[in-house]
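Q: I'd like to ask some things about the structure below.
The values are calculated or read from the model by the stated rules, or taken from the named source; none is laboratory data. Since we're looking at a predicted model, the values are computed, not measured. Cβ sites come from the backbone with ideal geometry, for glycine too, and all protein chains shown count toward neighbours. Protein only, heavy atoms only, side chains kept; ligands, DNA and RNA dropped before computing areas. Shrake-Rupley method; radii C 1.70, N 1.55, O 1.52, S 1.80 Å.
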Amino acid sequence: MLSATIITLNEEKNLKPCLESVRFADEIVVVDSGSTDKTLEIAKAFTDKVFQEPWRGYARQKNLAQQHARGPWILNVDADERVPPSLQKEIHTLLSRETVEDGFRIPRKNFCRGRWIRHGGWYPNYMVRLYRKEAGSFAPREVHEQVTVRGKIGTLKSP
């Protein structure tokens with residue numbers, strides 16, 4: 001079972017396409033920290049696992065979302081990110097078999113003003129975003145939070 005986790009605050013412009021891109025997951029968990037726009041309404045149209053928590057920092061919010069998740073695998077996605085079909089398929093194939101890895105790096109494509117930033121170290125920008133719930137969590141940092149995985153980490157091909 002795969003749980004997609006997302007944290008939000010006033011993400012009505014980004015959230016719907018993000019949620020549509022993680023519909024392949026068995027469960028979607030959204031932790032909101034006080035949105036005043038239509039974020040909650042949009043989230044509730046996709047999942048009944050919408051929680052409101054006061055802001056505690058990026059890592060803590062993401063760890064709270066993980067705590068609410070039921071699945072043994074977590075896919076953490078930011079509200080302004082999308083999981084394209086090629087990555088959906090790769091994740092589905094990976095989770096349909098036994099794997100020795102406890103987490104996976106995913107090559108991230110960064111965009112600025114609609115243009116893909118291919119150079120200057122911005123691609124591939126590998127981030128651990130898929131991991132076993134029991135083996136990973138976000139290290140307590142104020143910004144640039146990262147998943148710490150206890151165990152072997154693999155690398156996916158699809159961005």
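Q: Return yes or no: is Val30 under 12 Å from the mean Cα position of the chain (by Cα), open to solvent by less than 30 Å² (accessible area, probe 1.4 Å), modelled with pLDDT of 95 or more and more than 21 Å from Ser158 (Cα to Cα)?
A: Judged against the criteria, Val30 is a match.
Q: Looking at region 86-99, can you tell me whether even one residue there is among the hydroxyl-bearing types (Ser, Thr, Tyr) and within 14 Å of the chain's Cα centre (by Cα)?
A: no
Q: Also, quick follow-up: Listed residues Ile106, Ile91; which is within 20 Å of Ile7 (Cα to Cα), touching a strand residue (DSSP E or B) at 6+ places or on another chain (Cβ under 7 Å) and among the β-branched types (Val, Ile, Thr)?
A: The match here is Ile106.
Quick grid of which residues meet (1) within 30 Å of Asn10 (Cα to Cα); (2) β-branched (Val, Ile, Thr); (3) in contact with a helix residue (DSSP H, G or I) (Cβ under 9 Å, 6 or more places away or on another chain):
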{"site": "Asp80", "(1), (2), (3)": "yes, no, yes"}
{"site": "Asp102", "(1), (2), (3)": "no, no, no"}
{"site": "Arg108", "(1), (2), (3)": "yes, no, no"}
{"site": "Arg113", "(1), (2), (3)": "yes, no, no"}
{"site": "Trp122", "(1), (2), (3)": "yes, no, no"}
{"site": "Arg132", "(1), (2), (3)": "yes, no, no"}
{"site": "Gly151", "(1), (2), (3)": "no, no, no"}
{"site": "Leu156", "(1), (2), (3)": "no, no, yes"}
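Q: Something else about it: Quick test for you: out of Lys89, Lys62, pick the one residue that is buried (at least 17 other Cβ atoms within 10 Å of the Cβ) and in contact (Cβ under 8 Å) with a residue 12 or more places away in the chain.
A: Lys62
Q: So which strands (runs of 3 or more DSSP E) stay within region 113-159 end to end and still have 3 or more residues that are over 26 Å from Pro85 (Cβ atoms) and among the charged types (D, E, K, R)?
A: Answer list for region 113-159: none.
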